[in-house]
Amino acid sequence: MTESDNRPIYIRLADRICDMILTHEYHAMDKIPSIRDYAVAQQVNPATAARAFEMLERHGIIFNKRGLGSYISPDAEDIIKRIRIEALWGNESKLFFQRLAILGVTPDQLKEMFARFLENQDSNASC
């Protein structure tokens, strides 16, 4: 976890699991570590890890099988994408698009800029 991220730790922990789902380190119906094991691995209090798991369960990203542990929901990837896209539209995009409009950036130019960004991401990828 980065020092510059001032969000609560439980949210950062939940986001880490979401990232692992989106990068296919976890798949639908995979069993994930127990709250206690996850807390130890992340060097946090088990109550903090429990709060992260509760948040993920509330959103339908994970589910608990009583006595067996927590599992990735079949729709987890779609749920995470929907939540993150809604967050982008609600919080981060308004200023971005206002600045693009002031600069006179056209939709075609934006599309080209995004395509170049994706190309650079692919060339910078490791593995």
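The values are calculated or read from the model by the stated rules, or taken from the named source; none is laboratory data. Computed from a prediction, not measured in an experiment: that's the story for all the values here. Quick reminder, even Gly has a Cβ in these numbers, built from the backbone with ideal geometry, and neighbours come from all protein chains shown. Heavy atoms of the whole protein, side chains included, go into the accessibility calculation; ligands, DNA and RNA do not. Shrake-Rupley method; radii C 1.70, N 1.55, O 1.52, S 1.80 Å.
How many residues, within the stretch 1-12, are touching a Lys or Arg at 6+ places or on another chain (Cβ under 8 Å) and open to solvent by 80 Å² or more (accessible area, probe 1.4 Å)? I'd like the intermediate steps shown before the answer.
At the first step, the residues of the stretch 1-12 found to be touching a Lys or Arg at 6+ places or on another chain (Cβ under 8 Å) are 1, 5, 10.
Filter once more, keeping what is open to solvent by 80 Å² or more (accessible area, probe 1.4 Å): 1.
Total meeting the criteria: 1.
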Q | Filter result for the condition that a residue is in contact with a strand residue (DSSP E or B) (Cβ under 8 Å, 6 or more places away or on another chain) and at pLDDT 95 or above, over Asn45, Asn64 | A | Asn64
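Consider Gly60 carefully, then state whether it is more than 17 Å from Leu13 (Cβ to Cβ) and touching a helix residue (DSSP H, G or I) at 6+ places or on another chain (Cβ under 6 Å).
Details: more than 17 Å from Leu13 (Cβ to Cβ): yes; touching a helix residue (DSSP H, G or I) at 6+ places or on another chain (Cβ under 6 Å): yes.
Answer is yes for this residue.
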Q) Which one is farthest from Glu25 (Cα to Cα) among residues in the stretch 35-94 that are among the acidic types (Asp, Glu) and open to solvent by 60 Å² or more (accessible area, probe 1.4 Å)? A) Glu92
Q: Pick out the one residue from Glu57, Glu86, Glu112, Glu92 that is touching a residue at least 12 places away in the same chain (Cβ under 8 Å) and either part of a helix (DSSP H, G or I) or not aromatic (Phe, Trp, Tyr) (or both).
A: Glu57
Q | When residues of the stretch 13-32 are limited to those that are open to solvent by less than 50 Å² (accessible area, probe 1.4 Å) and without any contact (Cβ under 8 Å) to a residue 24 or more places away in the chain, the one farthest from Ile80 (Cα to Cα) | A | Met20
